[in-house]
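Chemist: Structure incoming, see below.
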């Protein structure tokens with residue numbers, strides 16, 4: 001198995017010495033569970049990683065909450081051969097693992113395959129944690145972690161026919 005080099009800037013916000021305190025502040029401000037905050041943070045980072053990979057750009061879109069739809073070029077139909085699907089699945093899994101240290105299954109992301117062309121719209125996504133710590137005087141200089149605090153543009157499927165094959 002090939003290990004891809006990370007493409008996202010380091011350090012990740014999860015490496016900040018006060019990350020656990022940031023999680024607690026997020027829980028307090030947004031009234032959600034620790035599991036929800038962690039899942040949200042790592043999913044946003046995973047989509048940031050997918051978007052930063054030139055091979056995956058234009059070929060992977062979000063559909064629903066926990067699905068990554070793999071397509072062909074320009075969001076056309078996905079490849080149909082098992083070996084080619086296997087290569088794309090490995091690339092997606094390796095990219096996410098390189099950036100998050102977690103597998104797609106650990107993140108609750110299921111890969112689907114586009115049977116037909118799909119239409120996507122860009123959606124701006126920002127983690128709950130980034131929203132909660134923004135402007136908090138306890139963390140005045142988070143410039144080293146800006147990559148995890150800014151919104152990420154995620155291609156989201158908005159129109160398709162028979163888009164998903166598991």
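Chemist: On a full-extension model of 0.36 nm per residue, what is the gain between residue 158 and residue 7, subtracting their alpha-carbon distance, rounded to one decimal in nm?
Modeler: Full extension of this stretch gives 51.6 nm more.
Chemist: Tell me, 19, 158 in order of fewest to most beta-carbon neighbours within 10 Å?
Modeler: Fewest-to-most ranking of 19, 158: 158, 19.
Chemist: If you don't mind, there's one more thing I want to ask. Nearest 10 degrees is fine. How inclined is helix 19-30 to the longest principal axis of the chain, computing both from alpha carbons?
Modeler: 90 degrees
Chemist: How would you rank 32-40, 93-101, highest first, on the average number of other Cβ atoms within 10 Å across their residues?
Modeler: In descending order of packing, they fall as 93-101, 32-40.
Chemist: Taking all pairs of distinct Cα atoms, average 1/r, flip it, and tell me the Kirkwood hydrodynamic radius of the chain in Å to one decimal place.
Modeler: 16.6 Å
Chemist: Now, a different point. Restricting the count to DSSP beta bridges whose residues both fall in segment 1-142, what percent are antiparallel, rounded to a multiple of 5?
Modeler: 50 percent
Only the coordinates and a few stated rules stand behind these numbers; no lab work does. Computed from a predicted structure; not experimentally measured. Neighbour counts run over all protein chains shown; Cβ positions are idealised from the backbone, glycine included.
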